[in-house]
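What follows is a short report on a single structure.
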Amino acid sequence: MSFEYDNQNIFAKILRGEIPNKTVLETEYSLAFLDIQPQAPVHILVIPKGLYVTYDHFAQDASDAEIADFTRCVGEVCRQYGLEKNGFRLIANAGHDGVQDVPHLHVHVLAGRRLGRMIESASQ
């Protein structure tokens with residue numbers, strides 16, 4: 001998979017302050033904000049501030065500090081929202097087959113109701 005970064009994607013514009021967002025948490029290397037089209041009662045996006053396309057790109061090229069910060073940001077969002085009580089789902093789509101819509105690594109934190117199965121049947 002190619003890791004060519006598109007600096008005109010919506011998350012790049014959010015990071016540059018060109019598009020407003022409802023910030024939940026901001027750290028040195030990460031930003032968490034409410035999804036504008038929530039798919040669950042709690043739907044938060046967590047993105048690294050670095051120019052990473054997918055999770056594997058991030059895992060290969062990010063610094064240890066960026067990786068630790070991003071992971072702790074996800075954990076802090078879950079703690080702030082009390083998601084450990086009933087559970088939550090993390091989703092990071094990658095590439096065409098993974099149905100990634102925005103070419104900037106982002107993790108969806110979904111919670112607040114029982115969520116359906118993770119994927120459709122392989123026969124569909």
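Computed from the coordinates by the stated procedures, all read-outs in this text should not be read as laboratory data. As the structure is a computational prediction, the values presented were derived from the model and not from experiment. Here Cβ is always computed from backbone atoms with ideal geometry, including for glycine, and neighbour counts include all displayed protein chains.
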With the charge dipole of the chain built from beta-carbon charges (+1 for Lys and Arg, -1 for Asp and Glu) about the Cα centre, the Cα from His43, Phe11, Ala92 projecting farthest to the positive end belongs to His43
Measuring from its Cα centre, the stretch 7-124 shows a charge dipole (+1 at each Lys and Arg Cβ, -1 at each Asp and Glu Cβ) which, in debye to the nearest 20, is 560 debye
For the chain, the charge dipole (Cβ of Lys, Arg +1; Cβ of Asp, Glu -1; about the Cα centre) points to a positive end, and the Cα of Val24, Gly82, Thr71 closest to that extreme belongs to Gly82
Rounded to the nearest Å, the spacing of the alpha-carbon centers of the stretch 57-98 and the stretch 1-40 is 13 Å
Scalar couplings 3J(HN,Hα) for the stretch 62-78 by Karplus 6.51 cos²θ - 1.76 cosθ + 1.60 (θ = phi - 60°), nearest whole Hz, x for Gly and Pro, are 6, 6, 4, 5, 5, 5, 5, 4, 4, 4, 5, 5, 4, x, 5, 4, 4
The answer for the net charge of residues other than Lys49 whose Cβ lies under 15 angstrom from its Cβ, with Lys and Arg +1 and Asp and Glu -1, is -3
Long-range share for the chain, i.e. C-alpha pairs more than 18 Å apart as a percent of all pairs, stands at 53 percent
Under 5 Å from the placed amide H of Asp35, counting only residues 5+ away or on other chains, we find His43, Ile44, Leu45
Env charge @ Pro103, Cβ radius under 10 Å, K,R +1 / D,E -1, value -3
Karplus ³J(HN,Hα) for the stretch 52-61 (6.51 cos²θ - 1.76 cosθ + 1.60, θ = phi - 60°; Hz, whole; x = Gly/Pro) runs 10, 7, 9, 5, 5, 4, 4, 4, 7, 10
Partner lysines whose C-alpha sits under 16 Å from that of Lys13, ignoring same-chain residues fewer than 8 away, are Lys22, Lys49
Once phi for every residue in the stretch 37-44 is put through the Karplus expression 6.51 cos²θ - 1.76 cosθ + 1.60 (θ = phi - 60°), the whole-Hz ³J(HN,Hα) values, with Gly and Pro written as x, are 10, x, 9, 7, x, 10, 9, 10
Quick calc, the stretch 60-124, dipole around Cα centre from Cβ unit charges on Lys, Arg (+) and Asp, Glu (-), nearest 20 debye, gives 560 debye
At R0 = 35 Å the Cβ-Cβ FRET efficiency linking Arg16 and Asp97, nearest 0.05, sits at 0.75
